[in-house]
Structure formats: C-alpha cells, structure tokens
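This report refers to the structure that appears directly beneath it.
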Amino acid sequence: MVSSVTRFVFGLSSIAVLAPVSHARSFPRQVGFTVPSDIPSSWTYQGCYIDVGRTLTGGGYDDVIGMTDESCVAYCSNLGYHYAGTEYFHECYCGDTLAVGGVPASASDCSTPCSGDPTQPCGGGNRLTLFWDGQVPPVVNPGEDGWNSIGCYSEGTTGRALAYQYLTPDDTLMTVDICTTACIANEYNFAGLEYGDECWCGNDIENGGAPILDSTGCDMLCPGNASENCGAALQLEMYQFGGTGTSTTSSSTTTPSATPTPTPASDPAFPNVGTYSYLGCQTEGTLTRALSAYMTAYDSMTLESCSVDCTGYTYFGTEYGRECYCGNSFSAGSVPAPQDECTYPCAGNDAEICGAGLRLSVYSTTVPVDPPAAPTPSNPAVVGAYEYYSCMTEGANSRALQGYSTAYDSMTLESCAADCAGFEYCESLFGTEYSRECYCGNSFAAGSVPAPESECQNTNFLCMGDVLEFCGGSKILSVYQLAPTKISH
C-alpha cells in the first residue's frame, strides 16, 4: 500500500521525498473550528496567516489522511524549528522566520479542516494556521539591494533626524524593504523606521540624531514582517544606501553592521584581486543564491580566475572551493557569517580560501563596467515527451495540479517531466513553480486559468537545477502537456 505521507525540505539542502501521495482527495469545508490545546506548553496559536509562496521555508510534510495541528507542531518542534503551520487540509510547513509578506489574515480565511481531525483548522488556500514556540527573537534586517543597516539611532533633539516621512497607503504592511524602496525611489540615501510602522527618509542624519551604541532599543516589530525590527519610540532602525554613512552631526559616523570585517590584504589567503578587495564570509540566500547574476564552476578555480569571470559585477564570491558567483547585490537572506566558516582552499590554489559549504568568500569592487552578456533562459517548446502548454495560475482554493508533487534544489523541466511520467492517474500534465517545485495531473482544478506568458518568464524563478530554464513563478506554473502519440503510416 502506498503511504499517505510525503516529506519535503526547502532551502539549499537536498530533498528527501519518501513516498508519493496515492491519489488527490477532496475535503469538506466548515467553520467553527477548535484550536487544539494539547500541544507543547511553549507553543501558542498565532492565528491565520498569508502564505506568500512559502512563508515558512524550513521544510514540512504532507499527510492526506492524518494531518492535525498537533502532529504538525510536534513534527516541526522535533526538528528544532520555531514556527509550524498547517495549510489546505493536509500540508504542514516549518521554519524559523516568516517570509516578507507573511502577515495575519482574516480568521475566516483559514476554513479548511484538518484531514486527520475535521474539528481543527488546517489553513486554507494560501493560508496557514500558524503556531509559534516563542523562542525566536526578531532580527535586524541587514539590508539588501544596495542598502546597509547602520544601527539603531536616537531621534533628533532639535528636530527630526530624517526630515521627510513616507506615508504608506497601509501602515499595517510596513517592512524594511517597503521603506527603503520608497526612500530610494524619491532619491534619498538614508531610511529609518520608527514606532514599528513609520518610515522616514533623508540625505543627512540631522538635528542631533546619533547611534545608540549600548542599547537594546529599536525592538518594535515590523507589522508587515514580524521577524524583523522597525525601530521604537523615538528610535530609528537606520539604513544607508551604499557604503558607510556620515551624518551632518559629528556624532553620527557609523559603520554598516551588515558589512563583514575585512581581513587585512597582507593575509595571502585573502589577497586584493585586481580592482576587488576582500569583503568577508557570507551565507547563501534564502531559497536563492546570494549572488545570482552569473555562475560558473571548474577544478582550476582561483580568486583571480573568478574575478575575471565576474568582470563588470560589483561582487564575486567563491564557494565549495570550485564555484564562482557574481552579482551587483545580495539576495534576501544572505548575511555576513563568521570568518572561520569560510575554510575551503581554492581548487586551483590551495594557498587561497574559496568559501565553504553554503558559504561564500566575497570580494567587492568600486570600478563598475558593463557585465558580460549572459545566456538567455527560456521555456523550451519540447521537454522529452511533453510539449509546452501555457503559463497557468494556481487554482482558486487548491493546487492547480493535484495528482502528485515533489520539490528539490536540482529541479529542471526535464527532471519534473521524469517525475510525472509513468503515473497513469496524473501524467498528462506537469508544471513547475517557485523554481524548485513540481506538480503533476491530468486536469486543472477549478480557478486555474492561463496567465500572461511574461509571468512565466521571471528571472527570479529560474529552475534551481538549470538557470537557462524558467520554472514558473509565485503561484504561477510553467505547464507542459504530454504530446499525442503520432501514428506512422
């Protein structure tokens, strides 16, 4: 008998799918649920939350027969995760932080009963019934897309530290990214978040605003992302666009906390390389490469050869001793790591250090030139026995393709085709989504409709196993259909 349980892992680790779900099932909807009380004492119910692709990215499992909120919490707790969420009758997800946009939703949105106990809520379509063990403190967002965190600052004493306020249409959605994006769009180089939901911009830190060096302030959560801080009363979580910041007051010169401390150039393991200087050891991104513009790998890798490969990009990073990555900014989730976590010798010069597992030795330059042209990704017309069908949305309140699903970090269109081929009940169609997910079926669920082809040509969703192929998007599938058998005459 085929097991009803499928386990899956997100992130940069390998996937382990133990058994496929035998058949898609339908479940009744109801309201008036009871949240279970027999969960570990440290865990508490947080409410109904939006699932933005993957709000919880640590891993999870699927059980079409026996899913309950207690079993999901126990599963995530045993793996050491701090958040657990159930979704759409029988899915369980785990994680340590909530993705940007994973914010509270109406309780009525979590309207699907758990497959193992219909009196309990198990989320809904793109909705999570969320639990938390209370052990994860919010973190300072290190900044991205050219922005750097420069610490917690006091408000000005004779006026505002940053003079211009950005008034968002809905301050309950405020995040660091929303504020920094608004400030740079209006050509301001400093952004500060205050009182959790206020965003301030300026080109100087004025009126006595100064770093709070020995305080635990700036601890109000961002309402749009509860895993990061958005200042506090009369305290700003401060960001500067590009480099270190010097305010108009003598007390406000700071060093970005997101920038690793460089190792002296005299260390032969971390030499200056042409116009590049050593920046530090850096983690990979969340569900994506930290430097994603271009990559290559070979067994003669050196810092010098990687710098040549990345000519024209602001950063280059070496990883696993033989991999080279290039980019002009770091992807979300990539943060500085301790220097002693970058320890692999370069494959082509063992006197140099080339990162480690999921760690990059990163170098930066201030001399930009036009980057080399990169190959163009595409949705090929034919993949094995399948032909391209269309770009499709997910279903209205369900997965568009419900026969079988899997996910892993080496996803390609070819591997998804192979995963779906041979399942008679779901082999007619396959679709890829979120760069690493594969779904199979013989028909589309209600509400799944064609989407503009441009939505399946988003370079943020290249296949993780082949960056020259597109693998869907956010709630969007690149769909292929089994080609009809041609009869020879």
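The values are calculated or read from the model by the stated rules, or taken from the named source; none is laboratory data. Bear in mind that the values here come from a model prediction, so they are computed numbers and not experimental data. Cβ atoms come from the backbone with ideal geometry, glycine included; neighbour counts cover every protein chain shown.
Of note:
- Taking the conditions (1) crowded, with 19+ Cβ neighbours inside 10 Å; (2) modelled with pLDDT of 80 or more; (3) not polar (S, T, N, Q) in turn, residue 164 satisfies each one other than (1).
This table checks each residue for (1) crowded, with 21+ Cβ neighbours inside 10 Å; (2) not in a strand (DSSP E or B).
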| site | (1), (2) |
| --- | --- |
| 411 | yes, yes |
| 418 | no, yes |
| 422 | no, yes |
| 427 | no, yes |
| 431 | yes, no |
| 435 | yes, yes |
| 439 | yes, no |
| 448 | yes, yes |
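- Residues located in segment 405-415, provided they are in contact (Cβ under 8 Å) with a residue 60 or more places away in the chain and either β-branched (Val, Ile, Thr) or under 14 Å from residue 482 (Cβ atoms) (or both): 406, 413
- Candidates 345, 380, filtered to the one that is closer than 30 Å to residue 432 by Cβ, surrounded by fewer than 20 Cβ atoms within 10 Å (Cβ to Cβ) and not charged (D, E, K, R): 380
- Here residue 474 meets the list (1) surrounded by fewer than 21 Cβ atoms within 10 Å (Cβ to Cβ); (2) modelled with pLDDT of 90 or more almost entirely, failing just condition (2).
- Matching residues in segment 33-65 - criterion: being free of Cβ contacts under 8 Å to residues at least 40 places away in the same chain and either buried (at least 20 other Cβ atoms within 10 Å of the Cβ) or of a type outside the set (D, E, K, R) (or both): 37, 41
- Residue in segment 309-326 that is of a type in the set (Ser, Thr, Tyr), over 21 Å from residue 284 (Cβ atoms) and not assigned by TED's automatic domain parsing to the domain that holds residue 441 present: yes
- In this structure, residue 298 does not satisfy being outside the structural domain of residue 124 (by TED's automatic domain parsing), surrounded by 23 or more Cβ atoms within 10 Å (Cβ to Cβ) and at pLDDT below 90.
- Between 454, 488, the distinction of being at pLDDT 85 or above and not in a strand (DSSP E or B) belongs to 454 only.
- Screening the candidates 195, 188, 164 for the property of being assigned by TED's automatic domain parsing to the domain that holds residue 235, touching a strand residue (DSSP E or B) at 6+ places or on another chain (Cβ under 8 Å) and closer than 22 Å to residue 332 by Cα yields one hit, 188.
- If you go through segment 439-470 and keep only what is among the β-branched types (Val, Ile, Thr) and within 20 Å of residue 327 (Cβ to Cβ), you end up with 459, 467.
- Flag if residue 228 is of a type outside the set (A, V, I, L, M, F, W, C) and modelled with pLDDT of 85 or more: no
- Filtering 432, 393, 406 for residues that are farther than 11 Å from residue 477 by Cα and within 21 Å of the chain's Cα centre (by Cα) leaves a single hit, 406.
- Close contacts from segment 85-104, counting a first residue that is free of Cβ contacts under 8 Å to residues at least 24 places away in the same chain and on the phi > 0 side of the Ramachandran plot and a second that is part of a loop (DSSP other than H, G, I, E, B) and small (Gly, Ala, Ser), with Cβ to Cβ under 8 Å and a gap of 6+ residues or different chains, come to none at all.
- Set 354, 391, 346: member being more than 30 Å from residue 242 (Cβ to Cβ) and of a type outside the set (Gly, Ala, Ser): 391
- Restricted to strands (runs of 3 or more DSSP E) entirely inside segment 290-398, those with at least 1 residues that are among the charged types (D, E, K, R) are 315-319, 323-327, 349-353, 359-365, 386-393.
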